[in-house]
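A quick write-up on the structure given underneath.
Throughout, read-outs are computed from the coordinates displayed, never taken from laboratory work. Given the structure is predicted, the values throughout are model-derived calculations rather than measurements. Every residue, glycine as well, gets a Cβ built from its backbone with ideal geometry; the counts of neighbours run over all protein chains shown.
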Amino acid sequence: MILTYKKNIIYSFLKNILSVGIFFFSLIIILNVLQEVVFFKNLDVSFFVPVYLTLLNTSSVLFEVFPFIFLIGGMTFFIEILDKNELIIYKSYGLSNFKIISVVVGTTFILGIFLVLIFYNISSNLKFLYLDIKNNHTKDDKYLAVITANGLWVKDYKNEHINYINAKNLINSDLKEVVISQFDKNHNFLRLITAESADIKSKYWIINKAKISEDNKTIEEQEPLIFKTNFNVEIISTLFSNLSALDLINLYKLKKNYTSLGYSTVKINNHLLNLYIYPIYLSIMVCIACILMLNIGHNKPRVFYLIIGVLISVTVYYANYLFNTLVENQKISLSFSVWFIQFLLFLICSVGLVRINEK
C-alpha cells in the first residue's frame with residue numbers, strides 16, 4: 001500500500017513539474033520569437049526563420065531555468081496535496097513529512113541525471129545549430145578564430161587582405177611562435193610573416209623581430225612590425241564564451257585544446273562543475289520548496305507562494321551569477337564558488353528538515 005502511495009506522489013509531482021514546465025516553455029517561445037523578429041527586422045528572411053531559430057534555442061534556455069521550474073513545481077505539488085487533504089491520508093499510512101520529501105527529492109535527482117546526460121547534450125547541439133545559422137545572417141562571417149590541439153588559428157579580413165594566422169600558445173597578451181600567411185582578396189599569395197612573439201593587447205599587433213618572406217626573399221625587420229587585425233586579446237579570450245552550445249564531449253575536447261594552447265580553462269571547469277552538480281542543485285531547490293510549503297501558513301492565496309518562489313529563484317540566480325563572475329576574474333576559487341552556495345542551500349534544507357520532521 002505504501003508503494004502505491006509513493007507512486008501516486010511521484011505521478012502527482014511529475015504532473016506539476018510538467019505543468020510548470022509547459023508554462024515556462026510557452027513564455028520562452030513568445031519572448032524568443034519577439035527577440036528574433038527584432039533581430040531579423042532589417043533582413044530579407046521569411047517569418048519561418050525566427051520561429052525555427054526560436055525552437056532551436058528554447059531547449060537551451062529551458063535547461064537554464066529548470067531549477068526554478070522544479071522549485072515552483074515542488075510548491076504547486078504541495079499546494080495540490082494540501083488542497084485535497086492528501087497529506088493527511090499519506091501520514092495515516094505511515095508516510096511522514098520526511099519520507100514524502102525523500103520520494104520527491106529522489107525523483108528529482110534521477111531526473112537531474114537524465115537532464116544532464118540526455119537533455120543537455122541535445123539542447124547544446126541545437127544551440128550550436130542555432131548560433132551557426134544566426135551567424136550566417138550577420139556581417140561578421142569573414143572573421144574566424146578557433147582553438148585546436150595545434151594552437152590558435154585565426155582567419156582575418158583586413159584592408160582587402162586575407163590573413164591566416166597560427167600561434168602555438170597565448171601567454172597573457174603575447175602570442176608565441178606566430179605564423180601569418182597573407183593573401184589578396186582573390187586568394188593570391190602575398191607574403192609570409194613569422195615571429196617568436198606578438199603583443200596583441202590592441203588590434204594593432206606589435207610583432208618583434210618579424211621575418212617577412214616575399215618574392216622568394218626573406219627580410220628581418222629590426223623595428224617592431226605593426227600589424228593591423230580585427231582581433232585583440234580580449235576578443236580572442238571570449239571565443240567560446242557560449243559554452244552552452246557545446247555538449248559534454250566537445251567541452252572536454254575544448255578543455256584539452258585550451259590546455260595545449262596554455263589558455264585558461266577556468267570558464268570550462270566552472271561550466272563542467274555546474275553540470276556535475278546539476279542534479280544536486282535541482283534536488284536542493286525542490287527540498288526548499290517542500291520545506292517552505294510545510295512551514296508557512298496554508299491559508300494564504302496562491303499568488304503568495306508564487307511570489308515566494310520567484311524571490312528565491314531570483315536570489316539564487318544572482319548569487320550564482322555573482323560568484324561565477326568572481327571566479328572568472330580569479331577573485332575566488334572555482335570550488336569555493338560552486339560549493340559555498342550549495343552548502344548554504346543544503347544548510348537551509350537541513351534545518352528545515354529537522355523542523356518539519358518534528359511535526
(message) Taking the number of other C-beta atoms within 10 Å as the exposure measure, put PHE48, PHE77, PHE231, PHE24 in order starting with the fewest.
(response) PHE48, PHE24, PHE231, PHE77
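Quote the charge dipole size of region 144-230 about the Cα centre in Debye, to the nearest 20; the model charges only the Cβ of Lys and Arg (+1) and of Asp and Glu (-1). Intermediate results must be reported in sequence, preceding the final value.
Working: 12 positive and 12 negative charges, 50 e Å.
I would put it at about 240 debye.
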(request) Using the charge dipole of region 144-230 (Lys, Arg: +1 at Cβ; Asp, Glu: -1 at Cβ; taken about the Cα centre), state which of THR229, ILE212, ALA198 has its Cα farthest towards the positive end. (result) THR229
(message) With N set to the number of residues, divide the alpha-carbon radius of gyration of region 1-120 by 2.2 N^0.38 Å and report two decimals.
(response) 1.40
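For every other residue with a beta carbon closer than 11 angstrom to the beta carbon of LYS127, add +1 if it is Lys or Arg and -1 if Asp or Glu, then tell me the sum. Don't jump to the answer; show the numbers that get you there.
Numbers: positive: LYS134; negative: GLU64, ASP132, ASP247.
Every neighbour counted, the sum reads -2.
So what's the convex hull volume per residue for the Cα atoms of region 144-230, in Å³?
Numbers: hull volume 8.1 nm³, N = 87.
Taking the convex hull of the Cα positions in region 144-230, it is 93 Å³ per residue.
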(message) Between ALA319 and ILE110, what is 0.36 nm times their sequence separation minus the Cα-Cα distance? Round to one decimal in nm.
(response) 72.7 nm
(request) Report the calculated FRET efficiency for LYS211 and LEU129 (r = Cβ-Cβ distance, R0 = 35 Å), to the nearest 0.05. (result) 0.25
(request) Based on other C-beta atoms within 10 Å, arrange HIS271, HIS161 from fewest to most. (result) HIS161, HIS271
(request) Tell me the label-point distance for the pair ASN169, LEU306, using the 7 Å Cα-to-Cβ offset, in nm and rounded to one decimal. (result) 5.5 nm
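Go ahead and run the numbers for FRET between ASN230 and LEU18, Cβ-Cβ distance against an R0 of 56 Å, rounding to 0.05.
Working: r = 47 Å, r/R0 = 0.84.
So, using R0 = 56 Å, E works out to roughly 0.75.
Sorting SER59, SER123 on the 10 Å Cβ count, fewest up front, what's the list? List each step's numbers first, then the result.
Working: SER59 19, SER123 24.
Fewest-to-most ranking of SER59, SER123: SER59, SER123.
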(message) I need the calculated FRET efficiency for the pair VAL179 and ASN121, taking r as the beta carbon distance and R₀ as 35 Å, to the nearest 0.05.
(response) 0.45
(message) Test of understanding: extend the Cα→C-beta vector of LYS256 to 7 Å, then name every residue of region 149-192 with backbone N under 12 Å from that spot.
(response) 149-150
(request) State which entries of LYS41/LYS201; LYS127/LYS209; LYS176/LYS253 exceed 32 angstrom in Cα-Cα distance in the structure shown. (result) LYS41/LYS201; LYS127/LYS209
